[in-house]
Structure formats: structure tokens, C-alpha cells
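Colleague: Below is the structure I would like to discuss, written out as C-alpha cells.
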Amino acid sequence: MTGTTMVVLIVFISVGFGVIFDMYKKHLEFKERTLNHNSKIDESNITLKNQVNSLEERIKVLEKIVTDEGYSVQQEINKL
């Protein structure tokens, strides 16, 4: 193996490892962004579920009020 061949081989190996290392860093950054994005989605899902539960409870209360006999009597009195 001549000196020139050895120098070219060392350069190729160095550049190759540099490229591989940069690709690995980009992969780790992508995974980190994905995990952060998923955690934000989970937090917003929990918030939305709590809001839906709250609204469902309010609807149940309104349904009880509207279906109550006293409410219909009050409506009839108001019509008179």
C-alpha cells in the first residue's frame, strides 16, 4: 500500500465517520422532537377530556331542569 493510497483511505474513513455521526445526531434530535410533540398532544387531550366531562355534567343538569314538572308548570304560568 503506497502513502497516497493510505492518505486517501484515511480521508474517506474520517469523512465517512463524520457523516454517520451527523446522521445519528439528526436521528436523536428527531426522536426528541417527536417525544416532546407527543407529550404536548397528551396534555391537550387530557384538557379536552376534562372540558367534555364538565360539559356533559352541565347538560345532564339542564336536562333534569327541563324535564322537571315544575319547569313545565312555570312555562304554562308564563304563557298566561
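Colleague: Conditions first: (1) open to solvent by less than 80 Å² (accessible area, probe 1.4 Å); (2) modelled with pLDDT of 85 or more. ILE20 passes all but one, so which condition is the exception?
Modeller: (1)
Colleague: For the stretch 67-80, give me each residue that is of a type outside the set (D, E, K, R), outside any loop (DSSP other than H, G, I, E, B) and surrounded by fewer than 10 Cβ atoms within 10 Å (Cβ to Cβ).
Modeller: Step one: filter the stretch 67-80 for residues of a type outside the set (D, E, K, R), giving 67, 70-75, 77-78, 80.
Next, from what is left, pick out any that are outside any loop (DSSP other than H, G, I, E, B): 67, 70-75, 77-78.
Within the stretch 67-80, THR67, GLY70, ILE77, ASN78 qualify.
Colleague: Follow-up. Can you tell me which residues in the stretch 25-79 are more than 36 Å from the chain's Cα centre (by Cα) and of a type in the set (Phe, Trp, Tyr)?
Modeller: Hit for the stretch 25-79 is TYR71, nothing else.
The values are calculated or read from the model by the stated rules, or taken from the named source; none is laboratory data. Computed from a predicted structure; not experimentally measured. Using ideal geometry, Cβ is built from the backbone for each residue, glycine included, and neighbour counts are taken over all protein chains shown. The accessibility values were calculated without ligands, DNA or RNA, using every heavy atom of the protein model including side chains. Shrake-Rupley method; radii C 1.70, N 1.55, O 1.52, S 1.80 Å.
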